Each structure stands twice: as structure tokens, then as C-alpha cells.
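Okay, structure first, notes after.
The values are calculated or read from the model by the stated rules, or taken from the named source; none is laboratory data. Model, not experiment: these values are computed from the prediction. A quick note on method: Cβ atoms are made from the backbone with ideal geometry, for glycine too, and the neighbour counts reach across all protein chains shown.
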């Protein structure tokens with residue numbers, strides 16, 4: 001696919017578990033605004049939880065938060081190049 005990362009918007013963490021079982025070659029980020037879900041996602045192999053303190057209002061904000069989060073933590077080589085493709089999946093994030 002050529003994607004730089006997979007970003008999942010999740011309220012329960014289930015999406016992260018479903019995607020991670022296929023062991024994608026790119027990093028899988030599970031973005032949630034529930035601290036408990038973010039902590040539980042640490043136990044899923046291949047999922048990098050992102051705790052969002054503020055509600056998600058725009059997709060671009062999630063991608064920018066991902067880039068800052070990944071590069072600051074040294075978690076992966078996600079480039080800030082706006083020509084990169086990202087897979088964004090979401091369920092009901094409340």
C-alpha cells in the first residue's frame with residue numbers, strides 16, 4: 001500500500017487488536033481519549049497507544065498529533081512530509 005502508518009480512532013481498543021493480529025509492516029497507532037483504553041492497548045503486540053486529552057475535531061489534527069508523538073518518542077520513522085499516505089480508521093469515538 002505504501003502507507004507510512006495506520007492510525008486507528010478507538011474508544012475500546014478493539015480496532016487495534018483486530019488490525020495488529022495481521023502484523024502490518026507499518027506502525028499501528030491507536031488514538032483514544034480514554035486513558036484506561038490507552039493503558040490496556042500497551043498489552044497488544046504491535047499497537048502504539050496515543051492518548052488524546054482533547055476531543056478529535058479534524059482528521060488533520062490527528063495526523064499532526066501522530067507525527068509529533070512518533071517523532072518525539074523516537075517510536076518510528078514517520079516523516080512529516082505531507083505527501084506520505086496514512087491509513088485512518090475509526091469507529092465510535094466518544
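Side notes on the structure shown:
- Among residues of the range 1-14, those that are under 11 Å from the mean Cα position of the chain (by Cα) and over 14 Å from residue 90 (Cβ atoms), counted: 1
- Restricting the range 15-38 to residues that are more than 20 Å from residue 71 (Cα to Cα) and without any contact (Cβ under 8 Å) to a residue 12 or more places away in the chain, the residue that is nearest to the chain's Cα centre (by Cα): 18
- Selected residue [modelled with pLDDT of 70 or more and more than 11 Å from residue 5 (Cβ to Cβ)] from 42, 81: 42
- Checked against (1) touching a helix residue (DSSP H, G or I) at 6+ places or on another chain (Cβ under 7 Å); (2) modelled with pLDDT of 85 or more; (3) more than 15 Å from residue 4 (Cα to Cα), residue 47 passes all but condition (3).
- Test: residue in the range 50-67 that is within 10 Å of the chain's Cα centre (by Cα), crowded, with 17+ Cβ neighbours inside 10 Å, under 18 Å from residue 14 (Cβ atoms) and at pLDDT 80 or above: yes
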